[in-house]
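Peer 1: I have a structure here, written as structure tokens, and I will follow up with some questions on it.
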Amino acid sequence: MKKILLIILDGLGDRPNRALGNKTALQAAFKPNLDYLADNGVTGLMSPVGFGIRSGSDTSHLSILGYNPREYYTGRGPFEALGLGIDLQPGDVAFRANFASVENGRVTDRRAGRIKDTTELSRSLETEIDGVKFIIKSGVEHRAALVIRGPNLSDRVSETDPHAINSDIMLTKPLSPEGEFTSSVINKFLIRSREILNNHEVNKKRIQNGEKPANEIMIRGAGKLPEMPSFEKLYGLKAACVSGTPLIRGIARMAGFDILNVSGMTGRTDTNYENVISAAVDALKTHDFVLVNIKGTDIAGHDRKPELKREVIEKTDRAMEGLKKLLDTTVIAVTGDHSTPCSFGDHTGDPVPILISTSGITRDYVKTFDEASVSLGYYKITSLDIMPLLLSYSDRSEKYGA
Ligand SMILES: O=C(O)[C@@H](CO)OP(=O)(O)O
């Protein structure tokens, strides 16, 4: 039986970009190590969740790990909260929150200039209103998690993220009668937060320095704690997660993974790629399955920066130099969780390249790892097919039938 290393470059898939000579970032990148693995493996295109679905990183990662989101997904919020170390309790409602910039009642930046640190801002917003406790914890850049705790709370409330700039700021609405109390108490919190954030020293300083203020908190992905069987129970695999992204850490925590901390791992484009990959290689000594998530590709896609996306791919590739040596004992798979084309600036339903490499595998004829090349590869699959394939290539599958 072999070990399994699954490396996910977040938002990897792309479309041809004029700035890169009509190539995708993968096509334009110098990536000898990814190409080596593709050449010495099988490749193909993988559609996250299903063909043409514009999945989020939450539903796609769940499905890649074999948890059908249609069965287990209750919203993004609980995973963000768990990933930030909040001990979510049954009855809590959790949200993903963005610190955003607002001018004259309109959102000018959904990410407040990718602000570096919102810890002080989050601290200033914690409160209790009408018997409901508001717990807010900062994540990487503009990201945060909001958890509300109290009796009779419902996740049947609308989001306040317009997902577009120049849109009016929003309040929540109940999505059904059971969401009425929750919506009204959240709106009190949001109105109070605007006041606090607009007068906060951090924002005054940002404006003085010519930076956008983080003066609005927008929420989305309401959900309660999901119930999921552990990864070990599902597959008999002891698993570890190497990711600087709280959402991914939260999904892995829910699945019972060991969550590793790595020096220099930031969850941004400036992460220490060498440390991330070598921590994963180390973890293979003590674990059967290691999941790595590299977030930089998705950040570059959202920010419409094809050169940056190419750079993230090249840095990841360089850090992967030593992986060839593992192929006798390990199945190595590389893919994305969805496409974030730089030309679109958001997730699309385009399929993502996938490679699976290990010694002794029957190779296909593909020699380079990019969207067009792997379309000639062996597989056209959805994310729900990945775990059965990894189990089979690592000689861990149970026989189906007698
Ligand atoms: O967290 C993120 O990186 C993205 C989703 O991929 O969300 P947002 O657009 O709110 O930054």
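Peer 1: Expressed as an acute angle from 0 to 90° and rounded to the nearest 10, what is the orientation of the C-alpha long axis of helix 273-283 relative to the principal long axis of the chain?
Peer 2: With both axes taken from Cα atoms, the answer is about 70 degrees.
Peer 1: Could I ask something else about it? In square nanometres, what is the average projected area of the Cα convex hull of the chain?
Peer 2: Mean projected area for the chain: 20.0 nm², to one decimal.
Peer 1: Sticking with this one: Between segment 200-219 and segment 57-130, what's the alpha-carbon centroid distance in Å?
Peer 2: 19
Peer 1: Mind checking which of Lys31, Lys133, Lys205 has the largest fluctuation in a GNM of the chain, springs on alpha carbons under 10 Å?
Peer 2: Top of the fluctuation ranking is Lys205.
Peer 1: Compute the Kirkwood hydrodynamic radius of segment 77-222, taking the inverse of the mean of 1/r over all pairs of distinct Cα atoms, and give it in Å to one decimal.
Peer 2: 15.1
Peer 1: So, one more: In cubic angstrom, how much convex hull volume per residue do the alpha carbon atoms of segment 1-75 span?
Peer 2: 136
Peer 1: Using only Cα atoms and rounding to the nearest 10 degrees, what angle (0 to 90) does helix 306-319 make with the longest principal axis of the chain?
Peer 2: 50
Peer 1: Could you put Lys399, Lys305, Lys173 in order, starting from the residue whose Cβ has the fewest other Cβ atoms within 10 Å?
Peer 2: Listed from fewest to most nearby Cβ atoms, that is Lys399, Lys173, Lys305.
Peer 1: OK, next. Which of Gly21, Gly66, Gly150 ends up with the largest GNM mean-square fluctuation for the chain, with Cα atoms connected below 10 Å?
Peer 2: Gly21
Peer 1: A further question follows. For the chain, with a Gaussian network of springs between Cα atoms less than 10 Å apart, report the residue from Met387, Met218, Met46 with the top mean-square fluctuation.
Peer 2: Maximum among the listed residues: Met387.
Peer 1: Tell me which residues come under 5 Å, amide H to amide H, from Gly91 once H is placed; ignore anything under 5 positions away on its chain.
Peer 2: Placed amide hydrogens put Leu225 under 5 Å from Gly91.
Peer 1: Please say if segment 41-104 is rounded, prolate or oblate, where rounded means a/c under 1.5 for a ≥ b ≥ c the square roots of the C-alpha gyration tensor eigenvalues, and otherwise the choice is prolate for a/b larger than b/c and oblate otherwise?
Peer 2: oblate
Peer 1: Quick one: Asp87, Asp117, Asp370, fewest Cβ neighbours within 10 Å first, how do they rank?
Peer 2: Ordered by Cβ neighbours within 10 Å, fewest first: Asp87, Asp117, Asp370.
Peer 1: Can you pull the three principal axis extents for the Cα set of segment 1-138, in Å, largest first?
Peer 2: Ordered largest first, segment 1-138 gives principal extents of 60, 44, 27 Å.
Peer 1: On to the next question. Give the shape of segment 253-314 as rounded, prolate or oblate, defined through the alpha-carbon gyration tensor: a ≥ b ≥ c are the square roots of its eigenvalues, a/c under 1.5 means rounded, and otherwise the shape is prolate if a/b is larger than b/c and oblate if not.
Peer 2: prolate
Peer 1: Return the loop-located chymotrypsin sites (Phe, Trp or Tyr not before Pro) in segment 302-402 (DSSP other than H, G, I, E, B) with at most 14 other Cβ atoms within 10 Å of their own Cβ; answer none if there are none.
Peer 2: Sparse-neighbourhood loop chymotrypsin sites (Phe, Trp or Tyr not before Pro): Tyr365, Tyr400.
Peer 1: OK, next. As a quick test, which of the pairs Lys31/Lys305; Lys367/Lys399; Lys31/Lys285; Lys23/Lys285; Lys325/Lys367 have an alpha carbon distance above 28 angstrom in this structure?
Peer 2: Going by Cα-Cα distance, Lys367/Lys399; Lys23/Lys285 fall outside the 28 Å limit.
Each reported figure results from applying straightforward, stated rules to the coordinates on display, with no laboratory input. The structure displayed is predicted, hence computed values, not measured ones. Every residue, glycine among them, receives a Cβ derived from its backbone with ideal geometry; neighbour counts consider all protein chains shown.
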